[in-house]
Structures are given as C-alpha cells and as structure tokens.
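Trainee: Take a look at this one; I'll ask things after.
The values are calculated or read from the model by the stated rules, or taken from the named source; none is laboratory data. In this text, all values refer to a predicted model and were calculated from it rather than measured experimentally. Because the Cβ atoms are built from the backbone with ideal geometry, glycine has one as well, and the counts that use them run over all protein chains shown. The protein model used for the area step is the full one, side chains on, heavy atoms only, and it has no ligands, DNA or RNA in it. Shrake-Rupley method; radii C 1.70, N 1.55, O 1.52, S 1.80 Å.
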Amino acid sequence: QTKELLVMTISHVCIFGFIAKIIFAQTDEERTYLPTLPEAIYNLYILLTTSNDPNVWMPAYRENSWFAIYFMIYLSVGIFLLLNMFLAVIYNNYQTELSEIQAKFLDMKRRNITEAFNKLDPEDRGEIDMEKVRALLD
C-alpha cells in the first residue's frame, strides 16, 4: 500500500507541475517559482508540505485571482486525500507491527513462566512445595 501511495503522490506532484508549466506560461509565477519543470515539481512538492504556502501561488493570484483554483485543487487533493491516506497506512502498519511484537512478548513470557515452573517442579507433580517458594522469595 505504501508503494502505491508513494507513486500516486509523485504522480500527483509531477502532473500538476506539468499543468502549472502550461497554465502559468509567460507569467510572474513561471518566472519566480516555475522556471523549469524540475523546479516546478520541486516547488509544488514543498507546497504540498505547506512550507512555502502562500508564497508559491501569490504571484499567480496577483495576476489573476482565478489561478487560485488550481492551487486549491492541488492542495485539497494532496493534503486532504493523499497525505491522509499516507498517515492511515503508516498508522495501520504501526498497529500491525505492535500487535506482532506484543504477541511475541506474551509467547516468550508464557514459555519463561512454564520453564521456571518446570525447574521448580522437577518431579512433575503439578505443584511447587511451600519450602521452595519461601527459598525463592528469600
């Protein structure tokens, strides 16, 4: 699941980077934040983390306020859909790993208690003498 989400997120950023190069051609936005396709993808990736928000889209917004719709769609899909799915997958993987660790711990605990009981009950009577318990606790 993680690989598919990673591919979807990378595709999302690359596709919107390509679209940005087309939409914002010959604008201040292109000259400032999207001069080349790799730089456009890089700046949109950073925008997905909201580190450079609203700096990236302000030149386009100043030129035409309708350009903000592009960035709203990009951020909505990226943040509210893709990044939340990433979080859910990571949390699910964490829960699975934690359950496995707890199961191993409980199994080890049961084996150790059984082994300790068997050492204290070498005659296999199913009980431990009170003298051995007192000696063990002293």
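Trainee: Tally the residues that are in a loop (DSSP other than H, G, I, E, B) and open to solvent by 70 Å² or more (accessible area, probe 1.4 Å), restricting the search to segment 51-72. Don't jump to the end; show me each part of the working.
Mentor: Filtering segment 51-72 down to residues in a loop (DSSP other than H, G, I, E, B) leaves 51-57, 64.
Keeping just the survivors that are open to solvent by 70 Å² or more (accessible area, probe 1.4 Å) gives 51, 55.
Summing the residues that are in a loop (DSSP other than H, G, I, E, B) and open to solvent by 70 Å² or more (accessible area, probe 1.4 Å) in segment 51-72 gives 2.
Trainee: Against the condition over 31 Å from the mean Cα position of the chain (by Cα) and open to solvent by less than 80 Å² (accessible area, probe 1.4 Å), how does Asp129 come out, does it pass? Lay out the reasoning, then the answer.
Mentor: Values: over 31 Å from the mean Cα position of the chain (by Cα): yes; open to solvent by less than 80 Å² (accessible area, probe 1.4 Å): yes.
Yes: the conditions hold for Asp129.
Conditions (1) of a type in the set (Val, Ile, Thr); (2) in contact with a Ser or Thr (Cβ under 9 Å, 6 or more places away or on another chain), marked per residue:
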position	(1), (2)
Ala68	no, no
Met72	no, no
Gly78	no, yes
Leu83	no, yes
Leu87	no, no
Asn93	no, yes
Thr96	yes, no
Ala103	no, no
Asp107	no, no
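Trainee: To continue, here is another question. Going residue by residue through segment 75-89, is there one that turns out to be open to solvent by 60 Å² or more (accessible area, probe 1.4 Å), under 14 Å from Thr9 (Cβ atoms), out of contact with any Phe, Trp or Tyr (no Cβ under 9 Å at 6 or more places or on another chain) and touching a residue at least 12 places away in the same chain (Cβ under 8 Å)?
Mentor: yes
Trainee: Restricting the first residue to segment 34-50 and requiring it to be under 11 Å from Val13 (Cα atoms) and in a helix (DSSP H, G or I), which pairs with a second residue that is open to solvent by 40 Å² or more (accessible area, probe 1.4 Å) and polar (S, T, N, Q) meet a Cβ separation below 7 Å and a spacing of at least six or different chains?
Mentor: Qualifying pairs under 7 Å: none.
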